[in-house]
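First the structure, in the form of structure tokens, and then the observations on it.
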Amino acid sequence: MVTMVGNESDIKGLVKDLIYLEHDAIAAYDSCIARLDNKKFASQIASFKQDHLQHLEVLNEMARELAIEAPTRGDMKQTLTTGKVALADLMGDAAILKAMKTNEDDTVTAYERASRHQDAIPASKAFFIKAHQDEERHRAWMDTTAKAL
């Protein structure tokens with residue numbers, strides 16, 4: 001699925017949508033960790049989940065600074081991100097990682113766009129760039145590992 005996150009007209013909408021995206025990602029990570037047979041893979045995915053939790057922490061602080069109410073859970077997309085992982089479980093670890101890679105495609109795109117957002121101050125841009133790099137790293141590992149199976 002193609003995300004629209006990062007195309008918001010103002011920074012408040014961007015931060016709110018990124019928070020939703022992170023909640024969705026964390027739910028997908030939890031689903032993935034529970035379903036992977038290979039415990040080394042599950043451990044690696046758990047370390048990536050920590051990056052998402054850290055991103056969420058920073059985004060929640062941004063929301064406080066912008067005086068907006070931060071979402072406390074994912075949106076409708078969460079059903080799609082976790083559902084892909086659940087369906088992939090029928091075909092094993094490679095399919096689960098491929099499903100997670102497609103979820104990462106959205107977070108990579110969202111943070112890439114966020115890093116170029118016109119309303120982002122330098123500190124926000126620096127965070128968005130770091131988060132983008134984290135997401136690129138997650139996606140690359142999932143892609144490479146799935147292809148090796």
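The values are calculated or read from the model by the stated rules, or taken from the named source; none is laboratory data. Predicted model, so just to flag it, every value in this text is computed and none were measured. Every residue, glycine among them, receives a Cβ derived from its backbone with ideal geometry; neighbour counts consider all protein chains shown. Ligands, DNA and RNA are excluded from the accessible area calculation, which covers all protein heavy atoms including side chains. Shrake-Rupley method; radii C 1.70, N 1.55, O 1.52, S 1.80 Å.
Atom-type composition of the exposed protein surface of region 87-137 places 58 percent of the accessible area on carbon and sulfur (1.4 angstrom probe). Take every Cα pair under 8 Å whose residues are at least 6 apart in sequence, average their separation, divide by the length of the chain, and the relative contact order is 31 percent.
Per-residue counts of other Cβ atoms within 10 Å, averaged by peptide: what ranking do you get for 28-34, 2-8, highest first? Before the final figure, lay out each step's value.
Numbers: 28-34: 21.1, 2-8: 15.4.
Highest mean packing first, the order is 28-34, 2-8.
For the pair region 1-78 / region 92-149, the C-alpha centres are spaced 11 Å from each other. With 20 Å as the limit on Cα-Cα distance, the pairs of 98/147; 16/125; 101/125; 49/125; 16/101 that go past it are 101/125; 49/125; 16/101. Only DSSP H runs of four or more residues enter the estimate; each adds -39500 (n - 2.57), and after division by the residues of the chain the mean residue ellipticity at 222 nm equals -26500 deg cm²/dmol.
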